[in-house]
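Comments concern the structure below.
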Amino acid sequence: MWLYTLKRILLMIPTMFGISLISFFIIQLPPGDYLTSLLASMADSGQTLDPVEIARLRATYGLDDPMIVQYFKWISGIVFRGDFGYSFEWGRPVSELIWERMGSTLAISIAALVFVWAVSLPIGIYSAVHRHSVGDHVATFFGFLGLAIPNFILALTLMYVSYRYFGQSVGGLFSPEYVGADWSWGRVWDLMKHLWIPIIVIGTSGTAALIRILRANLTDELSKPYVTTARAKGLSEFNVIMRYPVRIALNPFVSAIGWVLPNLISGVTITAIVLNLPTAGPLLLRALVSQDMYLAGSFILLMGVLTLIGMLISDLLLAVLDPRIRFT
Amino acid sequence: MTHLVHTPTELPPDRPMAPEDTGPAISPLRPGDDPGKIAVASQWTLIWRKFLSNRVAVFAGIVVLAFYLIAMLAEFLAPTSPSLARPQFTYAPPQSIGFFVPDPDGGRSWQPHVKGYTMSVDPASLRRTFTIDDTAIIPIGFFVEGPAYRMWGLLDANMRLMGPLDASQPMNLLGTDALGRDLLSRLIYGTRISMSIGLIGVLSSLVIGVVLGALSGYFGGWTDLVIQRIIEVISAMPTIPLWLGLAAAVPVAWSPVTVYFMVTLIVSLLAWTGLAREVRGRFLALRHEDFVTAAILDGSSRARVIFRHILPSLTSHILAVVTLAIPTMIVAETALSFLGVGLKAPVVSWGVLLQDAQNIRAVSTAPWLLIWPSGAVVLAVLAFNFLGDGMRDAADPYET
Amino acid sequence: MTQHTPPAAGQPVTTPILSVRDLSIDFHLRSHILHAVRDVSFDLHSGRTLCLVGESGSGKSVTARALLRLIDPQARVAGGTITLRDETGAELRLDGMAPNSREIRAVRGGRIGLIFQEPMSSLSPVRTIGTQIAEALLLHRRMTKPEAKAETVNLLRQVEIANPERMADRYTFEFSGGMRQRAMIAMALACDPDILIADEPTTALDVTTQAEIMDLIARLQRERGMAMLMITHDLGLVAEVADAVAVMRWGRIVEQGPVDQIFHAPHHPYTRRLLEATLKLDSSAKREAPRMDGTPLLSVRGLGKGFGAVNWRGRQTFAIKAVDQVNLDLWPGENLGIVGESGSGKTTLGRMLLRIIEPSTGSIRWQGDAAPAEVTIMNRPDLARYRSAVRLVFQDPYASLNPRMTVKQVIADPLVVAGGLKGAALDARIAELLELVGLDRSAMERYPHAFSGGQRQRIGIARALALNPRIIIADEATSALDVSIRAQVLDLLLDLQRRLDLSFIFIAHDISVVRYFCDRVAVMHRGRVVETGSADDICTRPREPYTQSLISAVPNPDPRNRRMLHRTRFRA
């Protein structure tokens, strides 16, 4: 098991490297470098910089180095010094801006993941065991609908509905009076009141997908001979299903973290923009539109790393759950 | 060998010898069914038949076809031009079609029409609001002359499927937007852009996926390893942030057509991995099937094995996977345009239309701006999903 | 002759422990209703074995599972009664119990134990063997957990699993097929049932493992005085273990009686045909032995294949010699059998002869053309020519025909690739080939899915014959077929041999098939040929210990001469 964990972590390194390359690529994508953007924005406000100063800045940021050197400067800054570069729009180091936003992104993603699991597990099992029953058809229908409605449309719709019929504004995570307040029960309750919409919005498509996967897997497993063996032992139907096929159908459920998590983070990004939540999403969009590329690239890098860690966790959980993986 | 005469006393009382059956006992569910009839059907016939037996999938297929028909005939179907702004009718609500008008003599006569608007100005905010005026009748007709257009950029025409008889009168079946543009016309033109992005996007990702998948399968070894890594990296990335990052780099100054193709490319750049993985997996599985080994032993060249034996077995699966990938493309375009980094204003797509619904105040004034475009997106996605599911089930006609 | 009758086949004095009367089961399928079981009646007696024999689709498995009400949802019991009695004579009607009701669950595992065919998939892969066995104990025998654990170890010891304490904590994928089946038996016997239902318990196992498992089942049955219902398609096995036999076909029991009567005085024509097909395969096909002077068609010397893996430092981490130093000769007109159990390397050997798998060492000399040629170093065109002279018939008649091609396209494929024939000439050739394998020319336009297993195998043979081959390598070509079809296909191959001057390399695990079909036999064990000799010698006078154990493990289809259970064992 320890060997497996180690192997799995080592395997992550090339993927991590690939993700950093993509992020760096995106940083470099807009024409010009950030000094030109800086000069442009300074020119807008009527300021100028003398050429000596410009040359000094170019040297410190290594803007005239070959691409590969720039990449290494950038990545070693992140890995060894936690230096993600400088945000020109905010006039602060990127590392000061991202952590809080990434934290809330992670928190909402995990909350959504828990929601996805808690809802899809019972419904999936019910659907597979009672195939073609009314309940199954209802679940399937809502599953399809959940998959078909894009996150941001669902967010807009819920926003409209709650504004129109409940007269409640649902943007943000807190009502105005709690925004800067200290933690109290009232504040937690207020958070809950705001959190349910983003969690439903973000979790719906993942829930729908997982129900379908669980139903298909469980249906396969239900017809396996070992289920008949378990029945022939005289176990009650509930025990037969929970101890045998569900136990195995859980595997894709756990490994689903691997692809549900990127989806959730995607979902958080766009939903947060619509609902104006203080997560990475709105800041990322703003950074991209104003071409504040170090900030944007750092967000993209961290989101990729986050999903990688999620995948690692799901693989390790899977190994705990399934001895066949553990032993080979 | 001596015959033993045995009285089987442990058995139920002796019975006459069971008759010689000629086959398994089968009764048809409905009289007249012949279970043996499928024997001479080809695999494609079986796939088609199995697909047809899935009512939902067939219906979804018809919906998809209808969408593409609308996309193709957008100029003719739309009552007016999508960019025609009528500032005098901002946020005008949808009108409904009536067919009979009351005659002066108390009877009713045939006259397709919509109701006109009355405008009132809120004295405090000076905002104009429109309500339907049941007394104002705007006669409409089919195959009427409307604003001129160029069909597919080739033919000059001005025939519209329907429109007001008097072109200066308003006909907004789905309402108007902030500039008084007709939502129905915009939606129909948007269908063309959104549906074609789905199709072109899926084709380009299929090309990328098949080429890279084939390279990976053909060279194996390091090439395979590197390509598999790339696929892994890309599928590990959350798509929306990455899409945003790429799309935001598209220069604002580019022409709408270039932006359209760039957005399509960006959307398909991330979507090919699923296709490549699926194709590669099926390919590898088929490569070890006995009938492929048999073909190799028959002396078939590598190309013949691939094109005559492996690919035909793959096509139905690829078709299904491709169909299931189209909605992802459509949603991606919609999301990017909605966020303002995809297609931009003069171009009309579903995502561009939804941009107008970003503001909660606009939506509460004119909910139709949210309802219709998102309805179109959801319906298209649903239809593609059901269609693709039906195709996937039918791709293996022997499984029940 | 009566005194040879096994004593158990005499008149029983006990009342049956289980009686089935007029049981009928219907399957409601999408397009039709299949009457899978029709008016089936039989009795089970303590300490005795009833064998339910039939070919695929006869309804024997469904019948067995219906006793425990373990049938699929689309299957319905359409009529009949199932009565279970205990020692006091109290009766329990199983047919009236709801599926998964408390009453039937008490019977399942408690009074009736069940063993299945697939030892690979009958146990959950994610729970240890021990917990799966202990579950039954906890359920029916009200033990505490430590007691159940101890009893599990005890049971594993009874089914002859070495190191039972340790093995109880292992998972199924760490067990061999035979060991899994032993664990299944331990589980079925955990609660000391009155009746054991064994549904093809050894079909997936090698013949020597089969003998060991049947040995074990017989011993446990004797010790515990259980009644046994065994489901099988193998008449040889029936003759070895049965006291009474019921023959099923298409859902009906066509004949039942004591085992001796069924084997020595069958009434029903179907029983007779089945026996005939089985007995025929227990003798040789009485043909003249080919001449073995001259030059052999194919000479294999020192052929070997190793599979291995190297770690990232380039060091060999493991190596398996799948085939090791094999020498063979095939003479014109000869049928050479290659016999071995799973993992013996026989399939790898067959594939190497065609270079589907590249040999690691050794030589294959092809001497069918004017000049002898070395197959292992042939270039592509030469190899293609060689492969048109040496053809392969596959094991699986379903996987080996492209489902998207008509029979015509399938058979024409080698002809089209070779070039030459077109249009009407091609059609005529295909019709001729179809006729040759006993199919009607109307088969041409049909797709493979329209044919039964035996017919598909004929299509595969026609494809092999298309290029006028000299040698056909048949890789387990008949093992997927029912016994009566198997005999027909073998006779077809022999007939083709006479007409077309063919030689065969016949790879099989089934010794009786090889005995019927082959002139000489090479016995493979762990990659090596351990013994080569004439088919009769190998089957009646084997010299090597491994061959002896293999031959003695083969069931003998004569209840008066049971052989399998008094066999010689081989310990490597």
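The values are calculated or read from the model by the stated rules, or taken from the named source; none is laboratory data. Here the structure is a predicted model, which means the values were calculated and not measured. Glycine gets a Cβ as well: all are built from the backbone with ideal geometry, and neighbour counts include every protein chain shown.
Restricted to segment A:174-244, the set of helices (runs of 4 or more DSSP H) holding at least 2 residues that are among the polar types (S, T, N, Q) and touching a residue at least 24 places away in the same chain (Cβ under 8 Å) comprises A:185-222. Residues in segment C:264-293 that are in contact with a Pro (Cβ under 7 Å, 6 or more places away or on another chain) and part of a loop (DSSP other than H, G, I, E, B) were compared, and the one that is farthest from residue C:488 (Cα to Cα) is C:290.
Yes or no: residue C:92 more than 10 Å from every other protein chain (Cβ to nearest Cβ) and without any contact (Cβ under 8 Å) to a residue 60 or more places away in the chain? In short, yes.
This table checks each residue for (1) among the small types (Gly, Ala, Ser); (2) under 21 Å from residue C:437 (Cβ atoms).
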residue: C:469; (1), (2): no, yes
residue: C:472; (1), (2): no, yes
residue: C:476; (1), (2): no, yes
residue: C:482; (1), (2): no, yes
residue: C:493; (1), (2): no, yes
residue: C:503; (1), (2): yes, yes
residue: C:509; (1), (2): no, no
residue: C:515; (1), (2): no, no
residue: C:537; (1), (2): no, no
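Within segment C:132-151, residues that are farther than 23 Å from residue C:180 by Cα and of a type in the set (Phe, Trp, Tyr) reach no partner that is at pLDDT 85 or above and part of a loop (DSSP other than H, G, I, E, B) with beta carbons closer than 9 Å at six or more positions or on different chains.
Looking across segment C:66-82 at every residue that is assigned to a loop (DSSP other than H, G, I, E, B) and touching a strand residue (DSSP E or B) at 6+ places or on another chain (Cβ under 7 Å), the one that is surrounded by the most Cβ atoms within 10 Å (Cβ to Cβ) is identified as C:68.
Within segment B:177-196, the set of residues being under 24 Å from the mean Cα position of the chain (by Cα) and of a type in the set (A, V, I, L, M, F, W, C) comprises B:183, B:184, B:187, B:188, B:193, B:195.
Taken over segment B:373-394, the criterion of being more than 9 Å from chain A (Cβ to nearest Cβ) and surrounded by fewer than 21 Cβ atoms within 10 Å (Cβ to Cβ) is satisfied by B:375, B:392, B:393. Scanning segment B:345-396 for residues that are over 23 Å from the mean Cα position of the chain (by Cα) and either of a type in the set (Val, Ile, Thr) or assigned by TED's automatic domain parsing to the domain that holds residue B:93 (or both) yields B:360, B:363, B:365.
Conditions tested, residue by residue: (1) part of a helix (DSSP H, G or I); (2) free of Cβ contacts under 8 Å to residues at least 40 places away in the same chain.
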{"position": "A:64", "(1), (2)": "no, yes"}
{"position": "A:109", "(1), (2)": "yes, no"}
{"position": "A:115", "(1), (2)": "yes, no"}
{"position": "A:120", "(1), (2)": "yes, no"}
{"position": "A:128", "(1), (2)": "yes, no"}
{"position": "A:147", "(1), (2)": "yes, no"}
{"position": "A:158", "(1), (2)": "yes, no"}
{"position": "A:162", "(1), (2)": "yes, yes"}
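Is it the case that some residue within segment C:434-442 is under 20 Å from residue C:390 (Cβ atoms), more than 9 Å from chain B (Cβ to nearest Cβ) and surrounded by 16 or more Cβ atoms within 10 Å (Cβ to Cβ)? Looking through segment C:434-442, at least one residue is under 20 Å from residue C:390 (Cβ atoms), more than 9 Å from chain B (Cβ to nearest Cβ) and surrounded by 16 or more Cβ atoms within 10 Å (Cβ to Cβ). Within segment A:175-205, the set of residues being modelled with pLDDT of 85 or more and among the small types (Gly, Ala, Ser) comprises A:203 only.
With respect to the conditions (1) within 13 Å of another protein chain (Cβ to nearest Cβ); (2) assigned to a loop (DSSP other than H, G, I, E, B); (3) over 23 Å from the mean Cα position of the chain (by Cα); (4) under 19 Å from residue C:189 (Cβ atoms), residue C:134 falls short on a single one, namely (2).
Quick one: is residue C:85 surrounded by fewer than 20 Cβ atoms within 10 Å (Cβ to Cβ), more than 10 Å from every other protein chain (Cβ to nearest Cβ), touching an Asp or Glu at 6+ places or on another chain (Cβ under 8 Å) and farther than 17 Å from residue C:22 by Cβ? Walk me through it before giving the result.
Details: surrounded by fewer than 20 Cβ atoms within 10 Å (Cβ to Cβ): yes; more than 10 Å from every other protein chain (Cβ to nearest Cβ): yes; touching an Asp or Glu at 6+ places or on another chain (Cβ under 8 Å): yes; farther than 17 Å from residue C:22 by Cβ: yes.
Yes: the conditions hold for residue C:85.
Within segment C:449-462, can you find the residues that are within 9 Å of another protein chain (Cβ to nearest Cβ) and surrounded by fewer than 23 Cβ atoms within 10 Å (Cβ to Cβ)? Quick ask: steps written out before the conclusion?
Applying the first criterion (within 9 Å of another protein chain (Cβ to nearest Cβ)) to segment C:449-462 yields C:449-451, C:460.
Of everything in segment C:449-462, those that are within 9 Å of another protein chain (Cβ to nearest Cβ) and surrounded by fewer than 23 Cβ atoms within 10 Å (Cβ to Cβ) turn out to be C:449, C:450, C:451.
Any residue at all in segment B:48-67 that's surrounded by 18 or more Cβ atoms within 10 Å (Cβ to Cβ), within 13 Å of chain C (Cβ to nearest Cβ) and modelled with pLDDT of 75 or more?
To start, the set of residues in segment B:48-67 that are surrounded by 18 or more Cβ atoms within 10 Å (Cβ to Cβ) comprises B:50-51, B:54, B:57, B:60-61, B:64, B:67.
Adding the requirement that they be within 13 Å of chain C (Cβ to nearest Cβ) leaves B:50, B:54.
Next, from what is left, pick out any that are modelled with pLDDT of 75 or more: B:50, B:54.
Yes, there is a match, as at least one residue in segment B:48-67 is surrounded by 18 or more Cβ atoms within 10 Å (Cβ to Cβ), within 13 Å of chain C (Cβ to nearest Cβ) and modelled with pLDDT of 75 or more.
Note on segment A:94-148: residues that are β-branched (Val, Ile, Thr) and under 30 Å from residue A:292 (Cβ atoms) total 5.
Would you check if residue C:53 is of a type in the set (A, V, I, L, M), without any contact (Cβ under 8 Å) to a residue 60 or more places away in the chain and within 22 Å of residue C:234 (Cα to Cα)? First the steps, then the outcome.
On the way: of a type in the set (A, V, I, L, M): yes; without any contact (Cβ under 8 Å) to a residue 60 or more places away in the chain: no; within 22 Å of residue C:234 (Cα to Cα): yes.
No.
Kindly provide the set of residues from segment C:384-399 that are at the interface with chain B (Cβ under 9 Å from one of its Cβ atoms) and assigned to a helix (DSSP H, G or I), ordered by number. Result: C:384, C:385, C:387, C:388. When you scan segment B:295-318, do you find a residue that is without any contact (Cβ under 8 Å) to a residue 40 or more places away in the chain, buried (at least 21 other Cβ atoms within 10 Å of the Cβ) and more than 14 Å from chain C (Cβ to nearest Cβ), even just one? The answer is no; no qualifying residue exists. Any chance segment C:466-474 includes a residue that's modelled with pLDDT of 85 or more and within 21 Å of the chain's Cα centre (by Cα)? Within segment C:466-474, one or more residues are modelled with pLDDT of 85 or more and within 21 Å of the chain's Cα centre (by Cα). Kindly provide the set of residues from segment A:290-324 that are of a type in the set (Phe, Trp, Tyr) and either under 18 Å from the mean Cα position of the chain (by Cα) or on the phi > 0 side of the Ramachandran plot (or both), ordered by number. Result: A:299, single match.
Here is a yes/no grid of residues against (1) modelled with pLDDT of 80 or more; (2) under 20 Å from residue B:193 (Cβ atoms):
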site: B:339; (1), (2): yes, yes
site: B:344; (1), (2): no, yes
site: B:349; (1), (2): yes, yes
site: B:367; (1), (2): yes, no
site: B:371; (1), (2): yes, yes
site: B:375; (1), (2): yes, yes
site: B:378; (1), (2): yes, yes
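Report yes if residue A:220 is surrounded by fewer than 23 Cβ atoms within 10 Å (Cβ to Cβ) and within 14 Å of chain B (Cβ to nearest Cβ), otherwise no. Against the criterion (surrounded by fewer than 23 Cβ atoms within 10 Å (Cβ to Cβ) and within 14 Å of chain B (Cβ to nearest Cβ)), residue A:220 qualifies.
Listed by first and then second residue, the pairs with beta-carbon distance under 7 Å, at least 6 apart or on different chains, first residue in segment A:284-298 and of a type in the set (Ser, Thr, Tyr), second in a helix (DSSP H, G or I), are A:294/A:27; A:294/A:34; A:294/A:94; A:298/A:94; A:298/A:98. Residues in segment A:85-117 that are more than 28 Å from residue A:202 (Cα to Cα), in contact with a helix residue (DSSP H, G or I) (Cβ under 8 Å, 6 or more places away or on another chain) and not polar (S, T, N, Q): how many? Within segment A:85-117, residues that are more than 28 Å from residue A:202 (Cα to Cα), in contact with a helix residue (DSSP H, G or I) (Cβ under 8 Å, 6 or more places away or on another chain) and not polar (S, T, N, Q) number 5. Here the condition is being in the same structural domain as residue B:349 (by TED's automatic domain parsing) and under 30 Å from residue C:416 (Cα atoms); of B:211, B:252, it holds for B:211 alone.
So which of B:354, B:382, B:370 ends up being under 30 Å from residue B:313 (Cα atoms) and in a helix (DSSP H, G or I)? Testing whether each residue is under 30 Å from residue B:313 (Cα atoms) and in a helix (DSSP H, G or I) leaves just B:382.
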